[in-house]
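See structure below.
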There are 2 protein chains.
Amino acid sequence: MSRLRFGISLSLDGYVAGPEQSIEQPLGIGGEALHEWVFPLEAWRKPHGLRGGEVNESTPVMERSLANVGATIMGRNMFGGGPGPWNTEQPWIGWWKDNPPFHHPVFVLTHHRREPLPLKGGTTFHFVTGGIEDALDRAREAANGKDVWLSGGAETANEYLRAGLVDEMQLHLVPLLLGGGARLFEGVGTDMAGLRPVRTVATAKVTHLEFARR
Amino acid sequence: MSRLRFGISLSLDGYVAGPEQSIEQPLGIGGEALHEWVFPLEAWRKPHGLRGGEVNESTPVMERSLANVGATIMGRNMFGGGPGPWNTEQPWIGWWKDNPPFHHPVFVLTHHRREPLPLKGGTTFHFVTGGIEDALDRAREAANGKDVWLSGGAETANEYLRAGLVDEMQLHLVPLLLGGGARLFEGVGTDMAGLRPVRTVATAKVTHLEFARR
């Protein structure tokens, strides 16, 4: 059974991006620091085409993230290019340039229709206007038996959590404060929808909390 | 050197008490569940005059909380009795009845003057109207070389965190959502005031994140 999986880095005060997100600063003020634990990892660098890197206690966590993923879902804000109808004269192709690190179909939630965007290395962005369940159905079909990765950002993650559609969740808790920004779990309510702790991995830089439903 | 230490249980969505706190429900809706990890512990039951209990991975964490404390600070809301001037006809003596589990001086932050309230077992409540630094000075003096424990609630903890006065902090992260209530770190900003991770203890019920400044 194809599972919807999700992982996100958050601050001690519960933010997954800092305040004042913009094209220049897509993770908001201070938000980059949430990801400092991941960039040095060989397990992260290799799929991004980079050599070398560290192997540490976070390695198996990252490997679990990346294993067996056949499709990705993300929100319009995470794909980028600003709000509103798509610019057809200078089309935005995502933050990742012409060879994105996904190498599988990516479904972007949007209110504005757009033709699929095939790029190098097997990544095609599909733009879904039918809502989160439609995106999940299409991603599951495209994943062809593999899992679907929910990439974020916060608003999209919160929509899937609120709908009880997440099967596995990794929270990477980073010991810093952002003081504002985009909050995970905002509006999700109290229902964990069957997600229970299955594993916690603590390192000096980050504590990984892993949840799954049976 | 006497240190200001602080420990609190919080939900995945960052709340230390649920919504709609009241005299009937001092921890708000669902807030009791934040403390389910602690009540079965022998290390918690013994100082509360109860026999038996569990010894598990949370035991040393709780023992570290309780060791070497000479005075406690808490907010008016945590002491209870409702807001505004103290009722002099039927004086509120706290949630803990006539033999509270502190056994040392307790300093209650309030805007309303009140004479000290000595109770059984060595606990005397002192009511401090001079603000958080005055309360800390008085608690340090009363602790007589031992540490001062900051008991909460959220608002009081946030005031001390914002002022950079906390020397050690234990966060007990409980895998549940409260969906609303009193939030730790609200208004604290981005400054950890030198608090760095020193230890993380993960159990099936709770993840203990311990911080200290050098």
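Just tell me how shielded A:162-173 is by partners: mean number of partner chain Cβ atoms within 10 Å of each residue's Cβ, no decimals.
1
Exceeding 22 Å between C-alpha atoms, which entries from my cross-link table qualify? They are A:Lys46/A:Lys97; A:Lys46/A:Lys120; B:Lys46/B:Lys97; A:Lys205/B:Lys146.
A:Lys205/B:Lys146
Buried accessible area between A and B (1.4 Å probe, both chains summed, ligands and nucleic acids excluded), in Å² to the nearest 100?
When A and B are taken together, about 1900 Å² of accessible area is lost.
When Cβ neighbours within 10 Å are restricted to other protein chains, what is their mean count per residue of peptide B:10-17?
5
If you roll a 1.4 angstrom probe over the protein chains with everything in place, what fraction of the accessible area of chain B belongs to carbon and sulfur, to the nearest %?
The value for chain B is 51 percent carbon and sulfur by accessible area.
B:Glu89 versus A:Lys146, label points 7 Å from Cα toward the beta carbon: distance in nm?
7.4
For a Förster distance of 60 Å, can you work out the FRET efficiency between the beta-carbons of A:His48 and B:Glu24, rounded to the nearest 0.05?
0.65
I want to check the label-to-label distance for A:Arg214 and B:His111. Put each point 7 Å from Cα in the C-beta direction and report it in nm to one decimal.
5.1
Between the alpha-carbon centers of segment A:32-53 and segment B:1-54, tell me the distance in whole angstrom.
Each part's Cα centre sits 38 Å from the other's.
Highest mean first, how do A:137-145, A:164-172, A:66-74 rank when packing is the count of other Cβ atoms within 10 Å averaged over residues?
By packing density, highest mean first, the sequence is A:164-172, A:66-74, A:137-145.
Calculate the length of the line joining the C-alpha centroid of segment B:96-122 to that of segment B:80-95, in whole Å.
Between the Cα centres of segment B:96-122 and segment B:80-95 lies a distance of 12 Å.
The values are calculated or read from the model by the stated rules, or taken from the named source; none is laboratory data. Source: prediction; values computed, not measured. Every residue, glycine among them, receives a Cβ derived from its backbone with ideal geometry; neighbour counts consider all protein chains shown. Quick note on the areas: whole protein, heavy atoms, side chains included, nothing else; ligands and nucleic acids left out. Shrake-Rupley method; radii C 1.70, N 1.55, O 1.52, S 1.80 Å.
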